[in-house]
Each structure stands twice: as C-alpha cells, then as structure tokens.
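Structure, as structure tokens:
The values are calculated or read from the model by the stated rules, or taken from the named source; none is laboratory data. The model shown is predicted, which means the values in this text are computed figures rather than measured ones. Positions of Cβ are backbone-derived with ideal geometry, glycine not excepted, and every protein chain shown enters the neighbour counts.
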Amino acid sequence: MKYFILTIFSFFPAIIFAQSAPQIIHAICPDSTAFDDLAFLKNDLKNVNIIGLGEQSHGDGATFSAKVRLIKYLHEEQGFDVMAFESGAYDCKQANEAMEQGISAKEALFKAIFGIWDCKEVEQLASYMDACRKAGKPLLLIGFDCQFNGAYSRNELLNQLQSGIAGASEKAGKPIITDSIHFSAAIRKVVKFSNFFNKLPVSDTAVIAQTFDAWRNALSGDSLQWLNLMANIQIDYRRKFDGTFMRDSMMAQNMIFQEQVLKGRKIMLWAASKHLAFNLQSVSGKYFNGRSMGDYLKEKYIDNYYAMLFTSFEGKSKIGFLNIGVGKPADKGIEQWFHGFQQPYLYLNLHGRPGPDDAMGNSKVFGHKAMDMNLATMADGLFYIDKMLPISSRK
C-alpha cells in the first residue's frame, strides 16, 4: 500500500499536465536546419512582433546554441529580421553601421555586445549574420541597454558627442559647453565605469547635466537620436545611486523607441530571463520586487510581445573561468516534470496553464536557483534542456 501511494504521488505532476504535454524538440545545434520540430511556433507566434529569448545565466552554452537555432528559424520561416541584444544601444548601432559598410559581424558584433557573450556559441550567430548579409537578407543589429562598455563607446562616443554639440552650438549661435575639459573627463568616466558599481562624483554628473540641458534647449525637432543618447548616458550613471529597476525602465524605453523607428519590423531579443519575464513580483527571491523590461513591453504590446524563458534539469554553466554545476530542481518543480518525459529538449506553451499550486509553482528559470513563483503568469513559453552545457571560449 505504501509503495502504491508513493507511485501515485510521483506521477501527480504528469496527471495535472496530461492535457498539456510539451512539444519535443529534436535538436539545439544551430546546424540542424530541418525545422519541422519548431513548426508549432508558427501558431504560437502568429500575432507576435517582438520575441524575447531568455537565459538562466550568462554562461549557458546549450541555451545559446538553442537560441541561435531559433533565430535561424524565426528569420527564415517567420520573417524576424532584427537582432536586439542586452548590450549598449550606442555600441550596437555603431556595430550595425560598420557591418553595413562591409565589416564582418564576427569583427563588429564582439566590439559591441557584452563580453559575457564572447564565446563560440554566439560566434555561430555572427557567422549566420554574415551569411544572411551575403545572401541579401541581413539581420539588423540593435541594442537596448543603457550601458556604454563596448569598444565603440571607448573609441567613438566622446568624439560623436563633441561633434553633435558643436553642430547644435553653431545653429544656436552660442556655446553649449562651458567647461569642455571637465565634460570630456566626465564622459570618459561614464564609459570607464559603465559596467561597474563606481558612482561618478557630483561635480562630474553636474557638468554632464548642465551640458545636456543646454544641448536639449538648442536642438530642433529632428533630434530624437541625440535625445535618446543623452537619456541613456544619464540613466547609466544615475542607476548606481538608485537601487530600483531604473535600468530595466530605460531598456524598455529604448526598445519602444527603436520599435517605433523600425516601423513594424519583427524583433528578436537576446537577454537574461529576468529582464524579459513579467510579473516578477510572484517570485519568492529577494531581488524581484521591481518592474522588469518585460513588464513594460507586455503592458504596451500585449499579445504582440512573447517571452520565451529557458530552464534545465542538471549540468554545468560557466561563471568567470570556471564550469560550475547548476542548482538542483525542487522536488515538485517544473524541471522534475520535464525530466520525467526522458527527452533531452522540450517546449511548453504557458498560455492557459495552471497556477502556483502545481508544478508551475517552482522553477530554476532565474540563475539556476529553484524558487517559488507563478510561472504561468510570467512568460509565454518555456524551453527545457535536460542537461546544460557551459559556453566554450572563442580563443
């Protein structure tokens, strides 16, 4: 009798989800371009113009491979032609311009995106971008982060700002910068400390604010790109004084701004799942009490925005130079339910699924750490990888 009760209990998640079995995914290798196993996404994404492709952590090589394959499918079968990274909007814009002028994606992309994605798996995406451009069907590269830690920021940002200010000053017939030496030094610090917790001295923030206020007053109506650039610079240093989700708010503003500029083109987002998910307040963790970029996008675009998160049962991810074992799933977590199907890759459409009183109530989608949450209200789809593999170095 005891064995019978335990057996019934062990199959309880499967009974709950009997009417919602996941889709079997045959491969995650980007070279596997027979997309029959992804055909179900055509219906799931029929009204979607913006899709977010998440990741549990930034060292998940298997997830990156799966995302590159998904990008190929979305570009070739569903007409998505904009690749948006959780990286500096300025750096990615400069990289895209470089690619349009003939520089390879392998060279330009890694000068723009964050170093956490400098790996072989993302290099496969760069190779694909080069192939698409050669075939006359290029993927446009944009960024939506407010940070300035790419090579283009280090090498070109200050000169571009000085040029823009000089042009506005000439039109206005009066100087805009009152202390060019101090302003230049302050901008260099913005770039130098963009990806660190260092706070700029008040004197530096003051000279930037004073210069930008004067510049804004001198600009004409066709200056949205300059206004957006100034907003990103100021949010980048101000967010370090404020422990809220200020960065996510700016990322959402950047995406909405760029979506309006792109006029209906279909966009794929590459980012951490924490930025793409919505309703994070349902997560039991300590750092989930603010509004994510996904909240803003879901609120504005509703069904036209689709968040796809990723999770895994076991394996390793890379943190720094080390391959670290991922956290174990909870006994009643959704990863246990997936694992019971004995398939390496699965996909579950989350629309209309049950709430937190079943296997949807706990997952490792954020940082490979099992946490209580109402997963069914936080994303549109969940991609499962049974065994996570770490990223591989390009060098």
**OP:** Filter region 128-154 for residues that are of a type in the set (S, T, N, Q) and either outside any helix (DSSP H, G or I) or not assigned by TED's automatic domain parsing to the domain that holds Phe114 (or both) and give the result.
**Re:** Gln147, Asn149
Original post:
Does Lys286 satisfy the condition of being part of a helix (DSSP H, G or I) and either over 19 Å from Leu141 (Cβ atoms) or free of Cβ contacts under 8 Å to residues at least 60 places away in the same chain (or both)?
Top reply: no
**OP:** Might you check whether a residue that is in contact with a strand residue (DSSP E or B) (Cβ under 8 Å, 6 or more places away or on another chain) and not in a helix (DSSP H, G or I) occurs anywhere in region 92-115?
**Re:** yes
**OP:** Output the residues belonging to region 262-278 that are more than 18 Å from Asn47 (Cα to Cα) and either outside any helix (DSSP H, G or I) or without any contact (Cβ under 8 Å) to a residue 12 or more places away in the chain (or both).
**Re:** Trp270, Ala271, Ala272, Ala277, Phe278
**OP:** For Met255, work out the one condition from (1) outside the structural domain of Leu224 (by TED's automatic domain parsing); (2) modelled with pLDDT of 95 or more it doesn't fulfil.
**Re:** (1)
Original post:
Can you name the strands (runs of 3 or more DSSP E) wholly within region 297-395 that have at least 3 residues being under 18 Å from Lys67 (Cβ atoms)?
Top reply: 305-319, 345-349, 381-388
**OP:** Please work out which one of (1) crowded, with 16+ Cβ neighbours inside 10 Å; (2) among the hydrophobic types (A, V, I, L, M, F, W, C); (3) in contact (Cβ under 8 Å) with a residue 40 or more places away in the chain is the condition Leu350 fails and give its number.
**Re:** (3)
**OP:** Please tell me if Ile302 is β-branched (Val, Ile, Thr), crowded, with 16+ Cβ neighbours inside 10 Å and over 14 Å from Val283 (Cβ atoms).
**Re:** no
**OP:** Could you tell me which of the residues Ile176, Ile181, Ile208, Ile187 is out of contact with any Phe, Trp or Tyr (no Cβ under 8 Å at 6 or more places or on another chain), in the same structural domain as Asp91 (by TED's automatic domain parsing) and surrounded by 15 or more Cβ atoms within 10 Å (Cβ to Cβ)?
**Re:** Ile187
**OP:** Residue by residue through region 281-336, note down the ones that are among the β-branched types (Val, Ile, Thr) and closer than 14 Å to Met371 by Cβ.
**Re:** Val283, Thr311, Val326, Ile334
Subject >> Pair list, Cβ under 8 Å, 6 or more apart: region 376-392 residue modelled with pLDDT under 95, other residue of a type in the set (S, T, N, Q) >> reply: Thr377/Asn279; Thr377/Ser282
